[in-house]
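Engineer: Okay, here's the structure, questions in a sec.
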Amino acid sequence: MTRAKLLESARAVVAREGYESASVDRIAEEAGFSKGAFYSNFNGKEEIILELLEAHSLQDVTEIAELIGDVTDPQAMIEIISDWALNRSTDPSWGLLALELFRRARRDATFGERHATLFRAQWQRLGEILLRMFPEGAAPADPETLGGIVFELTYGAAASFKAGPTAGDLVRLALSAMLHAYGEQPQGAKHSS
């Protein structure tokens, strides 16, 4: 229960103050615990933020999977995922938090395997869902890459700083283009790689 309250507090503090300004003291205080309670659950701010990002990334895939359900029509899947991307991108804080954490970890030489693989499971799981859009063996990339494209377009900071296509538009365009290039082919036709 202490760990869960600290994670909830960290999410609120970081959303309000950003990674750099958020402090262990503030996170512990807002959760109603001492700094000692924080350190009995986490090694430091970086660890709690990594755990937040890991939980958030897996929640994304769960949401998409629930929205898609048993839908098998590729165009319907594209619309569902594009709408999800549009809704999710209205809060750019998650993408910015990851960028801020990675920048700081590289600067402090704490960037490690956990950082490097943070989104790998998320990308892989979404990619496995996306494979359903393509004939067997005809997907344009491996599952991790397919999922990565969608999440990078959704959380990419650049989309939140300009007017123009939304994250949903970008996801729709990318997935539609892949489906057009690699989707249903007449019997006997082969894709060139």
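The values are calculated or read from the model by the stated rules, or taken from the named source; none is laboratory data. What you see is a predicted model, and the numbers here were worked out from it, not measured in a lab. Quick reminder, even Gly has a Cβ in these numbers, built from the backbone with ideal geometry, and neighbours come from all protein chains shown.
Engineer: Looking for something of a type in the set (S, T, N, Q) and under 13 Å from the mean Cα position of the chain (by Cα) - is there at least one such residue anywhere in region 13-24?
Structural biologist: Residues of region 13-24 of a type in the set (S, T, N, Q): 21, 23.
Now drop any that are not under 13 Å from the mean Cα position of the chain (by Cα), which leaves none.
No; the residues of region 13-24 include none that is of a type in the set (S, T, N, Q) and under 13 Å from the mean Cα position of the chain (by Cα).
Engineer: May I pose another question? Would you say Ala141 is at pLDDT 90 or above, closer than 22 Å to Arg172 by Cα and part of a helix (DSSP H, G or I)?
Structural biologist: Numbers: at pLDDT 90 or above: yes; closer than 22 Å to Arg172 by Cα: yes; part of a helix (DSSP H, G or I): no.
So Ala141 fails the test.
Okay, residues lined up against (1) of a type in the set (D, E, K, R); (2) out of contact with any helix residue (DSSP H, G or I) (no Cβ under 7 Å at 6 or more places or on another chain); (3) surrounded by 15 or more Cβ atoms within 10 Å (Cβ to Cβ):
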site	(1), (2), (3)
Val14	no, no, yes
Ser23	no, yes, no
Glu29	yes, yes, yes
Phe42	no, no, yes
Ile48	no, no, yes
Gln75	no, yes, no
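Engineer: Now, a different point. Check region 87-98 and report whether any residue there is aromatic (Phe, Trp, Tyr) and either over 21 Å from Lys45 (Cβ atoms) or more than 13 Å from the chain's Cα centre (by Cα) (or both).
Structural biologist: So in region 87-98, the residues aromatic (Phe, Trp, Tyr) come out as 94.
Next, only the ones that are either over 21 Å from Lys45 (Cβ atoms) or more than 13 Å from the chain's Cα centre (by Cα) (or both) stay: none.
The answer is no; no qualifying residue exists.
Engineer: Going by what's in this entry, would His180 be described as of a type outside the set (Phe, Trp, Tyr), surrounded by fewer than 16 Cβ atoms within 10 Å (Cβ to Cβ) and modelled with pLDDT of 85 or more? Break it down into steps so the answer makes sense when it comes.
Structural biologist: On the way: of a type outside the set (Phe, Trp, Tyr): yes; surrounded by fewer than 16 Cβ atoms within 10 Å (Cβ to Cβ): yes; modelled with pLDDT of 85 or more: yes.
Spelling it out, His180 is indeed of a type outside the set (Phe, Trp, Tyr), surrounded by fewer than 16 Cβ atoms within 10 Å (Cβ to Cβ) and modelled with pLDDT of 85 or more.
Engineer: Could you please let me know if Glu66 is out of contact with any strand residue (DSSP E or B) (no Cβ under 6 Å at 6 or more places or on another chain) and without any contact (Cβ under 8 Å) to a residue 40 or more places away in the chain? Break it down into steps so the answer makes sense when it comes.
Structural biologist: On the way: out of contact with any strand residue (DSSP E or B) (no Cβ under 6 Å at 6 or more places or on another chain): yes; without any contact (Cβ under 8 Å) to a residue 40 or more places away in the chain: yes.
Considered against the rule, which asks whether it is out of contact with any strand residue (DSSP E or B) (no Cβ under 6 Å at 6 or more places or on another chain) and without any contact (Cβ under 8 Å) to a residue 40 or more places away in the chain, Glu66 comes out as yes.
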